[in-house]
Amino acid sequence: MPLLELDQVDAGYGAIRALFGVSLTLEAGRTLALIGANGAGKSTLLRAIAGLTPPSAGRVRFEGADLTGMPAHAIAARGVALVPEGRRLFASLTVEENLLMGASAGRAGPWNLQSIYTLFPDLVVRRQHGATMLSGGQQQMVAIGRALMANPRLLLCDELSLGLAPVVVRGLYAALAQVSAQGVALIVVEQDIGQALAAGDDWLCLREGEVVLAGTRGQADRGAIARAYFGSEAA
Amino acid sequence: MNAVADTLVQGLLLGGHFALSGLGLALAFGIMRIVNIAHGDLLVVAAYLGVALVRLTPLSPLAAVLVIVPAMAALGWLLQRTLFNRLVGQGDLAPMLVTFGLSIIVHNALQELFSADFQTLDAGAARTASVEVARMHLGLLPLATLALAALVYAGVHALMRHTRFGRIVRATVDDPEVAALMGIDARRVYAAGMALALGIAGLAGWLYGIKSSFNPLTGGNELLFAFEAVIIGGLGSIWGSFAGGLVLGIAHVAGTQVDAGWGAFAGHVAFFGFLFLRPGGLLARGGSGHG
């Protein structure tokens, strides 16, 4: 049984549909890189899995249970965590309070304050700082740490690299590799195809809300991906 | 000189009442973004609950508080779960309209149950007892009210700053969607917030019932004073409401020195003065400050 299974999922905002019949499966512990241009539906797909934008049609199954229509807080309690686009740290909380919020669902597992500070040593001296007083990279560490504190079985990461220097991004992906090694499954959204292909065991390309191409790391044909990414006329 | 000191001290004592009755209003706005137009009427409900308890049970007016506070907290939880949670994300106007409607329902229900006659929670000697300090007569009831107000404010501050519950409330106020990603159900947080707000309103309403005579319609004035205290202090700042209540109390007492009927008028003048000179409030800060 796959960890996560999407079957013909449609989702959108009001009258605007952003996803059209998206199906995918993810096995426990694997990393899926989700690539696609701006507006391809990558963030909506993550939001649909996490329950923030409930699917209007189709099914989302996680560990065999049907999540479709379940409120976001109940999905989180089952072990799905999302690092949202733009980080969205709690502005009136300190770094440590932000991390503690992640543990609110009370799931047991290897992640706690100590293991987060081991993963991101930069945060230790800033634990009592207001979360929004940190640099962008450090804020992203807090956002990842906060999601990990829930001890998720599936971690969804939306555009970790947005606005960050390449050296900082490399550090974040090195940390994600450690997370993956603990057996956590990941879906990583990136606009940077190179970064995405390097991080994922499998990849999947979305365009205009539909899956246009998918493969495993070995089968990444850059030309085919570029055509899928931009549409055939651009190739 | 002595008259000035007396005005200040009596003003602070009266201000304790305004501060305490404003806190529930400030919390409902700070946590749920609800401007609770029925807040004053709910203070009156707490006072009538005291009247009913004294009539129907062996409880004394002073002991009635032990039932009033939990009962009002339960009412707050129930109102939020059944009514106010439907208003989340519907803008600022919807909660005002709904609580305005609730206020009218409360007026009529209280008139039906208790008639329009004025009543009081007769605490006997405790109501008028006083102590003499530095040749000033200080009422025990106002002293107790101010002390309770300070205690409750300090308690709420500690709750919001230093507990898991407070952390969850602050995070939910910041971003309810991301809080949901952490497994937090905002509707439950709001229900707990309204229980806290009305539990404190229960305490304030009980003290109000002992201090003043009331009827089903006197809640309007209480809302006005509570509202002025919160606005003078600055929306979103808990300690601001405390300071605002004290300022309003001093204005009331100073007005009464000029003419016995000018207390509330002087309070309104002070309110407009602050609105004009310091529209953000006494303790206004950038961002959402809970504490």
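Candidates in the stretch A:154-197 are the residues that are charged (D, E, K, R) and away from chain B (no Cβ under 14 Å); of these, the one that is farthest from A:Glu97 (Cα to Cα) is A:Asp192.
Within the stretch B:197-213, does at least one residue satisfy the condition of being over 16 Å from the mean Cα position of the chain (by Cα), surrounded by fewer than 23 Cβ atoms within 10 Å (Cβ to Cβ) and either within 14 Å of chain A (Cβ to nearest Cβ) or more than 21 Å from A:Arg88 (Cα to Cα) (or both)?
Taking the stretch B:197-213 first, the residues over 16 Å from the mean Cα position of the chain (by Cα) are B:213.
Filter again for surrounded by fewer than 23 Cβ atoms within 10 Å (Cβ to Cβ), leaving B:213.
Going one step further and asking which of them are either within 14 Å of chain A (Cβ to nearest Cβ) or more than 21 Å from A:Arg88 (Cα to Cα) (or both), we end up with B:213.
Looking for residues that are over 16 Å from the mean Cα position of the chain (by Cα), surrounded by fewer than 23 Cβ atoms within 10 Å (Cβ to Cβ) and either within 14 Å of chain A (Cβ to nearest Cβ) or more than 21 Å from A:Arg88 (Cα to Cα) (or both), one finds at least one in the stretch B:197-213, hence yes.
So if I check each of A:Ala65, A:Ala77, A:Ala91, which one is out of contact with any helix residue (DSSP H, G or I) (no Cβ under 8 Å at 6 or more places or on another chain) and surrounded by fewer than 24 Cβ atoms within 10 Å (Cβ to Cβ)? Spell out how you get there, then give the answer.
Working: A:Ala77 fails: out of contact with any helix residue (DSSP H, G or I) (no Cβ under 8 Å at 6 or more places or on another chain); A:Ala91 fails: out of contact with any helix residue (DSSP H, G or I) (no Cβ under 8 Å at 6 or more places or on another chain).
Exactly one residue qualifies, and that residue is A:Ala65.
Residues that are among the hydrophobic types (A, V, I, L, M, F, W, C), closer than 16 Å to A:Val189 by Cα and within 14 Å of chain B (Cβ to nearest Cβ) within the stretch A:4-53 comprise A:Leu46, A:Ala48, A:Ile49, A:Ala50, listed in sequence order. The set of residues in the stretch A:209-226 being within 20 Å of the chain's Cα centre (by Cα) and among the basic types (Lys, Arg) consists of A:Arg217 alone.
Based on what the data block shows, is B:Ile184 surrounded by 16 or more Cβ atoms within 10 Å (Cβ to Cβ), in contact with a helix residue (DSSP H, G or I) (Cβ under 9 Å, 6 or more places away or on another chain), within 14 Å of chain A (Cβ to nearest Cβ) and outside any helix (DSSP H, G or I)?
Answer is yes for this residue.
Only one of the numbered conditions (1) more than 18 Å from the chain's Cα centre (by Cα); (2) crowded, with 17+ Cβ neighbours inside 10 Å; (3) more than 14 Å from chain B (Cβ to nearest Cβ) is not met by A:Val60, and that is (1). Looking only at the stretch A:136-169, count how many residues are crowded, with 24+ Cβ neighbours inside 10 Å and at pLDDT below 95. The total comes to 1.
Criterion applied to B:Ala154, B:Ala150 was being outside any loop (DSSP other than H, G, I, E, B), away from chain A (no Cβ under 14 Å) and either among the basic types (Lys, Arg) or in contact (Cβ under 8 Å) with a residue 12 or more places away in the chain (or both), and the one residue passing it is B:Ala150.
Scan the strands (runs of 3 or more DSSP E) fully inside the stretch A:1-81 and keep the ones with 1 or more residues being farther than 22 Å from A:Glu159 by Cα and of a type in the set (Lys, Arg).
Numbers: elements: A:4-13, A:16-26, A:31-35, A:57-62.
Answer list for the stretch A:1-81: A:57-62.
Evaluate the stretch B:233-248: report whether one residue or more is under 30 Å from B:Ala5 (Cβ atoms) and within 14 Å of chain A (Cβ to nearest Cβ). Yes. The residue that is farthest from the other protein chains (Cβ to nearest Cβ), among those in the stretch A:63-75 that are among the aliphatic types (A, V, I, L, M) and under 13 Å from A:Leu4 (Cβ atoms), is A:Ala65. Filtered by the rule that a residue be among the small types (Gly, Ala, Ser) and in contact with a strand residue (DSSP E or B) (Cβ under 8 Å, 6 or more places away or on another chain), the stretch A:52-74 gives A:Ser56, A:Ala57, A:Gly58.
Any residue in the stretch B:277-287 that is among the basic types (Lys, Arg), free of Cβ contacts under 8 Å to residues at least 60 places away in the same chain and in a loop (DSSP other than H, G, I, E, B)?
So in the stretch B:277-287, the residues among the basic types (Lys, Arg) come out as B:278, B:285.
If we keep only those that are free of Cβ contacts under 8 Å to residues at least 60 places away in the same chain as well, we get B:278, B:285.
Still in the running and in a loop (DSSP other than H, G, I, E, B): B:278, B:285.
The answer is yes; a qualifying residue exists.
Scanning the stretch A:94-116 for residues that are more than 10 Å from chain B (Cβ to nearest Cβ), assigned to a helix (DSSP H, G or I) and under 18 Å from A:Ala76 (Cβ atoms) yields A:Leu99, A:Ile116.
The values are calculated or read from the model by the stated rules, or taken from the named source; none is laboratory data. What you see is a predicted model, and the numbers here were worked out from it, not measured in a lab. Ideal geometry is used to build each Cβ from the backbone, glycine not excepted, and the neighbour counts take in all protein chains shown.
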